[in-house]
Amino acid sequence: NFYVSLDEEGGFGFSTKKDLNKFLNFRSSKQNMNLIDRIFTWGAFDEDVWKKKYPSYKKKIVNFGGPRIDLWKEKNVKKIFDEDIKNIRKKYKDFILVLASGHTSRKEINKVFRLDSKWRNFKNDSQKTRRLAVLKNELKLFQMFLETIFDLCRFYPKEKFVLKPHPIQSKEDWKKISKKFPNNLLFEDNIETSPLIYCSKGILQTSSSTAIQSYLLKRNVVSYRPKKIYFERNFGNYFGKIVVNSEQMRESVKNLTQFKIKKKNLDKRINSRLFFSKIDNSKRIADYLFRFCPI
């Protein structure tokens with residue numbers, strides 16, 4: 001057998017290499033590196049962290065890019081999601097897409113923390129305390145973002161907003177939350193993110209890789225980044241106009257389709273973290289694997 005691994009969570013979204021290194025403490029091990037044949041990385045950023053963490057296994061670590069990136073290319077979105085795009089335009093027409101992320105309730109935090117206590121191998125109570133603080137921080141950010149979106153919907157009652165939850169968020173929590181939605185905020189959890197982004201007028205998000213996805217699909221992004229919140233995954237926020245409160249959010253949405261961002265600087269940021277080429281990453285990875293797994 002030939003064993004390979006590519007972490008679906010990636011590493012490109014972390015704020016610093018130090019944060020990614022901590023992430024790899026429980027996503028990898030020397031035992032795993034010894035058993036596996038190849039580790040694929042998303043770009044130069046996580047490739048560098050992997051190689052510094054496991055210098056004896058450098059030859060096993062290959063920068064081929066994540067296949068999910070292929071769904072961030074306009075040509076692929078138009079081809080793969082052709083029917084979805086037609087249906088979205090019939091169903092919603094002009095709309096602003098809200099992409100939610102983070103933990104949705106204290107109950108969810110407790111559930112995640114129980115799993116973390118099992119899998120992260122905390123060495124002491126201090127590590128547990130820090131992890132719980134991070135989870136509480138993420139819940140606070142989610143609640144602040146949601147309140148800001150509700151305020152925005154009430155401020156622009158004639159504007160249509162569509163909210164797409166993160167796949168790992170609690171469906172039970174969203175059933176309760178969606179009952180409080182303003183009339184012009186619609187809930188959508190059945191359609192893939194890429195065609196929704198493609199059909200939207202613009203994106204509202206916080207601390208999510210979907211901001212990069214939206215930028216590559218040529219949609220303006222507003223990144224909600226309030227003060228006094230630590231962002232472990234801050235990289236995506238750079239790909240939108242950063243706002244810190246409801247007032248700034250209102251003003252940015254007013255000019256959502258008009259404002260311009262510095263494309264040259266952002267292209268450099270992307271290339272420093274993600275591997276792109278004219279050939280889709282999924283094809284490059286498949287061709288590589290077929291050398292070891294002939295049909």
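Of note:
- Placing unit charges on the Cβ atoms of the charged side chains and taking the dipole of the chain about its Cα centre, the candidate lying farthest along the positive direction among GLY66, ASN271, GLN205 is ASN271.
- Among (i) 25, 21, 21; (ii) 37, 22, 18; (iii) 33, 25, 18, the entry derived from the coordinates for semi-axes √(5λ) of the Cα gyration tensor in Å: (iii)
- Helix 17-27 and the long axis of the chain differ in direction by around 70°, with both axes built from C-alpha atoms.
- With 5 Å bins beginning at zero, the pair-distance distribution over Cα atoms of segment 113-182 amounts to 3, 13, 18, 19, 15, 11, 9, 6, 4, 2, 0 %.
- The 3J(HN,Hα) values that the Karplus relation (6.51, -1.76, 1.60; θ = phi - 60°) gives for segment 110-118 are, in residue order, 4, 5, 5, 5, 5, 5, 4, 4, 7 Hz. Gly and Pro appear as x.
- Theoretical gain in end-to-end length, LYS136 to ARG106 [0.36 nm per residue, Cα-Cα removed]: 10.0 nm
- Gain upon complete extension [GLU9, ASP267; 0.36 nm per residue less C-alpha separation]: 90.8 nm
- Long-range HN-HN contacts of LYS241 with modeled amide H, under 5 Å: VAL221, VAL222, SER223
- Ratio Rg/Rh, restricted to segment 36-147 and using Cα atoms, in which Rh is the Kirkwood radius: 1.10
- Cα-centred dipole magnitude for the chain, charges only on beta-carbon of K, R (+1) and D, E (-1), debye, nearest 20: 560
- Student exercise, segment 44-107 dipole from Lys, Arg, Asp, Glu Cβ charges, in Debye to nearest 20: 200
- Dipole magnitude for segment 1-141: computed about the Cα centre from +1 point charges on Lys and Arg Cβ and -1 point charges on Asp and Glu Cβ, it is near 440 debye.
- Degrees, to the nearest 10: 263-273 long Cα axis against longest axis of the chain: 40
- Per residue, the convex hull spanned by the Cα atoms of segment 52-101 amounts to 134 cubic angstrom.
- Per-residue 3J(HN,Hα) values for segment 249-254, derived from phi via the Karplus relation 6.51 cos²θ - 1.76 cosθ + 1.60 with θ = phi - 60°, read 5, 4, 5, 5, 5, 4 Hz in sequence order (x marks Gly and Pro).
- Here the label points at LYS58 and GLU247, each 7 Å from Cα along the C-beta direction, are separated by 5.3 nm in the simple model.
- Taking LYS180, LYS91, LYS123 in turn, the Gaussian network model of the chain (Cα-Cα springs below 10 Å) assigns the largest fluctuation to LYS123.
- D by Stokes-Einstein for segment 27-81, Kirkwood Rh over Cα pairs, 10 °C, 1.306 mPa s: 126 µm²/s.
- When each of LYS78/LYS228; LYS93/LYS171; LYS53/LYS78 is checked by Cα-Cα distance, pairs over 32 Å: LYS78/LYS228; LYS53/LYS78
- Quotient of Cα Rg and 2.2 N^0.38 Å for segment 145-214, N being how many residues it contains: 1.09
- Among the chymotrypsin sites (Phe, Trp or Tyr not before Pro) within segment 113-164, those in coil by DSSP and having at most 16 neighbouring Cβ atoms inside 10 Å are PHE122.
- Listed cross-link partners LYS176/LYS241; LYS90/LYS158; LYS136/LYS241; LYS75/LYS218; LYS79/LYS262; LYS91/LYS218 are compared with a 20 Å cut-off, the Cα-Cα value being larger for LYS176/LYS241; LYS136/LYS241; LYS79/LYS262; LYS91/LYS218.
- Karplus (6.51, -1.76, 1.60) ³J(HN,Hα), θ = phi - 60°, over segment 167-183, in Hz, Gly and Pro reported as x: x, 8, 6, 5, 5, 4, 5, 5, 4, 6, 5, 5, 5, 9, 4, x, 4
Readers should treat all values here as calculations from the given coordinates under stated rules, not as data from a laboratory. Given the structure is predicted, the values throughout are model-derived calculations rather than measurements. Virtual Cβ from ideal backbone geometry, glycine too; neighbours counted across all protein chains shown.
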